[in-house]
1. Which one of the conditions (1) within 23 Å of S385 (Cβ to Cβ); (2) over 15 Å from the mean Cα position of the chain (by Cα) does G117 fail to meet, given that it meets all the rest?
2. At least 3 residues that are farther than 27 Å from W147 by Cβ in each: list the helices (runs of 4 or more DSSP H) lying fully within the range 5-89 that qualify.
3. For the range 268-293: of the residues being assigned to a loop (DSSP other than H, G, I, E, B) and touching a Gly at 6+ places or on another chain (Cβ under 7 Å), which is nearest to F40 (Cα to Cα)?
4. So which pairs qualify, if the first residue must be in the range 148-166 and on the phi > 0 side of the Ramachandran plot, the second must be part of a helix (DSSP H, G or I), the Cβ gap must be under 9 Å, and the two must be at least 6 apart or on different chains?
5. Might you let me know whether the range 236-243 holds any residue that is crowded, with 24+ Cβ neighbours inside 10 Å and either out of contact with any Gly (no Cβ under 9 Å at 6 or more places or on another chain) or among the basic types (K, R) (or both)?
6. Starting from residues that are farther than 18 Å from I355 by Cα and open to solvent by less than 50 Å² (accessible area, probe 1.4 Å), keep the ones in the range 138-165 and report whichever is farthest from the chain's Cα centre (by Cα).
7. Can you report the number of residues in the range 247-263 which are open to solvent by 50 Å² or more (accessible area, probe 1.4 Å) and either among the hydroxyl-bearing types (S, T, Y) or assigned to a helix (DSSP H, G or I) (or both)?
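The values are calculated or read from the model by the stated rules, or taken from the named source; none is laboratory data. Please read these numbers as outputs of a predicted model, since none were measured by experiment. For neighbour counting, all protein chains shown are included, and Cβ atoms are generated from backbone atoms with ideal geometry for every residue, glycine included. The protein model used for the area step is the full one, side chains on, heavy atoms only, and it has no ligands, DNA or RNA in it. Shrake-Rupley method; radii C 1.70, N 1.55, O 1.52, S 1.80 Å.
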Amino acid sequence: MSVTASQVHGAVQTLTQSSDTLFLLLGAIMVFLMHAGFAFLEVGTVRHKNQVNALVKILADFGISALAYFFIGYWVAYGANFFADAQTLSQGNGYELVKFFFLLTFAAAIPAIVSGGIAERARFYPILVATFLTVGFVYPLFEGMIWNGNFGLQAWFETQFGYGFHDFAGSVVVHGVGGWIALVAVLFLGMRKGRIRAGKHTNFAPSNIPFLALGAWILCVGWFGFNVMSAQTLNGISGLVAMNSLMAMVGGIVAALIAGKNDPGFIHNGPLAGLVAVCAGSDLMHPIGALVTGSIAGALFVYLFTYLQNKTKIDDVLGVWPLHGVCGAWGGIAAGIFGQSAMGGLGGVSLSVQILGTLAGVVIALIGALIVYGIIDKVYGLRLSEEDEFNGADLAIHKISSTNED
């Protein structure tokens, strides 16, 4: 029996589709696992009386995010919905379904980022409402503008400057937007009780360094799925992205080690700062450019977090605004610097566009968060009562502590 050329082509096409679907599914699973990293990073940082709440909040946020993104957010960003029969949805080996799963894990990172900033004094259900609104409307608005060309912003950049805004894996789209949304939420909530004593700032020590470290390690490993598998197809995979992610992570570690003076909290957040910053230009930069990008991000996190905790009334528990908001914005700009061919990069990027696109992300995040958290604060109230905050979110919200001790 002879095999026709069309049969061979069909078999190759099916194999390619299946391989791409599996590739992206593995990426989605790796990024999904990162949410455990977010959870344990928060558990290790907050006081013992708030550890259960940290774990529950991250998982509950993911569930609400999935509903918001499935019914609203994915449609806002990409104009696609799932109101079709299963046979239609599963065409092409279900690649589009797995693509949704992958992009959902990115969208759900927004409330996971916010969670670390608002820890220890936020009410539970009002925050879940905020999660639904930010994942359903605020995040996908900017996501669609950058990754789907909505509202003509990218077309305008290309017409005016010759290049669109480049954010390969979401330094600005995901981390920057999440970090600046978190800043607004933190400002609405105010400082935790006991942070100011005798007119001086008092910092609460992390409750469990091993859990904090575990969270950081899970995030670091998962980040290679976050960055490398943003190619979304096997044909698009790039070893350069993996190498740049590695070097930016290393830069963040070393910078935080030096600037943080051996502090374990800084050392374990340093690699995360570097990885946040390299997302945007990881497919363009030379590895040395990625190393510099990560190093600057690591130092930025240490200095900004220290300043916030000791000099201001911004009580960002895990430092998510400097880590994701500022380092994410730096990553968007860094792609325009180290992505240039003159800096050893692959080129095809404009520094002016990277600055403007980053500012657009910050503005949309701030305005969206002000609307969402402002309304919820007026209608429901965002903060626990003083008594509940004193007793801890574990007992106040979940009626159980993280240990069985009296």
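1. So the condition that G117 fails would be (2).
2. Because the criterion is at least 3 residues that are farther than 27 Å from W147 by Cβ, the helices (runs of 4 or more DSSP H) in the range 5-89 that meet it are 5-45, 51-68.
3. Only one residue tops the list, namely C279.
4. The qualifying pairs are G149/A155; F151/L141; F151/G144; F151/M145; G152/M145; G162/V353.
5. Looking for residues that are crowded, with 24+ Cβ neighbours inside 10 Å and either out of contact with any Gly (no Cβ under 9 Å at 6 or more places or on another chain) or among the basic types (K, R) (or both), one finds at least one in the range 236-243, hence yes.
6. Within the range 138-165, the first condition is being farther than 18 Å from I355 by Cα, and the residues that meet it are 138-141, 144, 148, 150-151.
From what is left, the residues that are open to solvent by less than 50 Å² (accessible area, probe 1.4 Å) are 138-140, 144, 150.
Values: V138: 14, Y139: 11, P140: 13, G144: 16, N150: 21 Å.
Checking each candidate, the answer is N150.
7. Here the count works out to 5.
For (1) of a type in the set (S, T, N, Q); (2) surrounded by 18 or more Cβ atoms within 10 Å (Cβ to Cβ), each residue gets a yes or a no:
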{"residue": "V56", "(1), (2)": "no, no"}
{"residue": "D85", "(1), (2)": "no, no"}
{"residue": "Y95", "(1), (2)": "no, yes"}
{"residue": "T105", "(1), (2)": "yes, yes"}
{"residue": "V114", "(1), (2)": "no, yes"}
{"residue": "R123", "(1), (2)": "no, yes"}
{"residue": "G136", "(1), (2)": "no, yes"}
